[in-house]
Amino acid sequence: MNTMNTNTLSNEAIVAPAKKINLVKARGSLVWDDTGKEYIDCTAQAWSNNLGANDPRVVEAAIAQLRDMTHIRPNFGSAAHTRLVSKLREVSPASLNQMGFALHGSLAGEMAMKLAFKNNPKAQNLIVLQDGYHGRSLATLGASWPHPNNPFLPIQPRFTRVPHPYPYRTRMGMDPEAESQLCLALLEETILKGVDGAVAAIMMEPIQGNGGHIEFPRSYYKGVRDICDRHGILMIFDEVQTGFGRMGTMWAADYYDIVPDIIVFGKGVGGGFPLAGILARDDLKWFDEGEEALTFGHFPVSLAAGHATVEAIVADGLCEKARLSGEYATERLLEMRQRHPLIGDVRCPGLMVSVELVKDRTTKEPARRESQEVYRLGVERGVLFGESRYAGLGNLIKVKPPLDIERAQLSRALDVLDEIIGIIEEQRA
Ligand SMILES: Cc1ncc(COP(=O)(O)O)c(C=O)c1O
């Protein structure tokens, strides 16, 4: 039975940040530093280059837009805005046709929260999941997993955090399905008795990215949808990480066959340009003038880049490519798991790939320092692996390169991971 909590708020694991690498060039899944060293980028730069870096179609669209017009106030229309809206409608759930844009996922998350309260004016509460991550603006920080030594608490809004399933580390060794039902029961109880007043929305990542790549049993997604419907609460999917092909489908909502009321997106949509936003259910009341107005919210260069990016994701079949590459990576990692006791769990789907490192498979004690070591040794060998959380608090290695990574590059990155984990295990022996 495992009761190890990965989220213990101690500083014990915080380690000095690795030396900063100065990057000077990026193409596809490769980046180069200022010494000329080449790296395979399994981070896609914060999982944002779903389409490989500096795709010429995106660069050209941005340059063309730069020549025409760089900035407009959002209460003017633009061709870039019209084109992106209609492109996003083509690839999004049929009932989510209202859209708002921002330049950061955090602000898009706040837009979703505001829209939820706008549509539920009597509500005072917003529920989030314990290991969720929604950004670093004040409101989204409050909605995210608790930070140790957080200096911003006095001015940060508070949200109600509820427990969620964690199939690799179920509570008291429960069966994952039973834990899913327990968490749904606790969610409903919280709505009824755990908060004062009504709940406007439940905001959740379909797979928790920063919190540790935690995917829930399918019953949980359906269960949350059902609870939201029964209590008149909006369901917000934060798809900033999972959207635009990362899971092998355009949206996690497609993958789980769930239609949330609001989707928050960001990262991968911009093809390397800052772009984020929300998709909202057609019948939700939209903002009145002045309620949501960001000066650069409709930055035409980002909108044009976003249009070219989404078009390229579709034209290049990147959802399918992500699915196939993800299957390949998962198969290889599962084989490595048989040889490497440090690998506790292997998770996907699509190219939302990660391994959770543990000091001991029985206790599942998180191997945080070892994870830092994987990152460091990867850098030495020319592969950038993704870490989870920050300051050494995570024990996950993420393999989330651009969705069009070449097979030889992905294979090389996995070879390096295999070698490094072997070295760390030898050192521990
Ligand atoms: C799920 C999720 N939501 C929101 C954000 C915040 O996005 P941004 O950093 O663009 O504000 C992130 C960033 O990592 C994220 O992973």
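One residue stands out among those in the stretch 156-171 that are open to solvent by 60 Å² or more (accessible area, probe 1.4 Å) and at pLDDT 95 or above: the one that is nearest to T362 (Cα to Cα), which is R171.
Note on the stretch 98-111: residues that are among the aliphatic types (A, V, I, L, M) and near the ligand (Cβ under 10 Å from one of its atoms) amount to 4. Within the stretch 218-244, the set of residues being surrounded by 19 or more Cβ atoms within 10 Å (Cβ to Cβ) and either farther than 16 Å from V259 by Cα or within 13 Å of the ligand (Cβ to nearest atom) (or both) comprises I236, F237, D238, E239, V240, Q241, T242, G243, F244. Residue check: is T330 assigned to a loop (DSSP other than H, G, I, E, B), open to solvent by 10 Å² or more (accessible area, probe 1.4 Å), away from the ligand (no atom under 16 Å from the Cβ) and closer than 22 Å to I214 by Cβ? No. In the set V374, V314, only one residue is open to solvent by 60 Å² or more (accessible area, probe 1.4 Å) and more than 19 Å from R27 (Cβ to Cβ); that residue is V314.
Only one entry of A293, A304, A253 meets the criterion of being surrounded by fewer than 23 Cβ atoms within 10 Å (Cβ to Cβ) and either touching a residue at least 12 places away in the same chain (Cβ under 8 Å) or more than 14 Å from the ligand (Cβ to nearest atom) (or both), and that entry is A293.
Yes or no: E356 touching a helix residue (DSSP H, G or I) at 6+ places or on another chain (Cβ under 9 Å), buried (at least 23 other Cβ atoms within 10 Å of the Cβ), acidic (D, E) and not in a helix (DSSP H, G or I)? Yes. Taking the stretch 48-100 as the range and being touching a His at 6+ places or on another chain (Cβ under 6 Å) and closer than 25 Å to D316 by Cα as the test, the residues that pass are H81, R83, L84, K87. Just one of the listed residues (V259, V224, V269, V264) is in contact with a Pro (Cβ under 7 Å, 6 or more places away or on another chain) and either over 18 Å from L129 (Cα atoms) or modelled with pLDDT of 95 or more (or both), namely V259. Taken together, L66, L88 contain a single residue that is over 26 Å from S371 (Cα atoms) and open to solvent by less than 30 Å² (accessible area, probe 1.4 Å), which is L88. Selection of first residues in the stretch 192-220 that are farther than 30 Å from E356 by Cβ and of second residues that are at pLDDT 95 or above and of a type in the set (K, R), restricted to Cβ pairs under 7 Å at least 6 apart or on distinct chains, gives the following pairs, ordered by first then second residue: A198/K122. Quick one: which residue in E380, E406, E419 is more than 22 Å from G212 (Cβ to Cβ) and without any contact (Cβ under 8 Å) to a residue 12 or more places away in the chain? Every option except E380 fails the conditions.
The values are calculated or read from the model by the stated rules, or taken from the named source; none is laboratory data. In this text the structure is predicted, and so the values were computed from the model without any measurement. Neighbour counts run over all protein chains shown; Cβ positions are idealised from the backbone, glycine included. Accessible surface areas use protein heavy atoms only, side chains included; no ligands, DNA or RNA. Shrake-Rupley method; radii C 1.70, N 1.55, O 1.52, S 1.80 Å.
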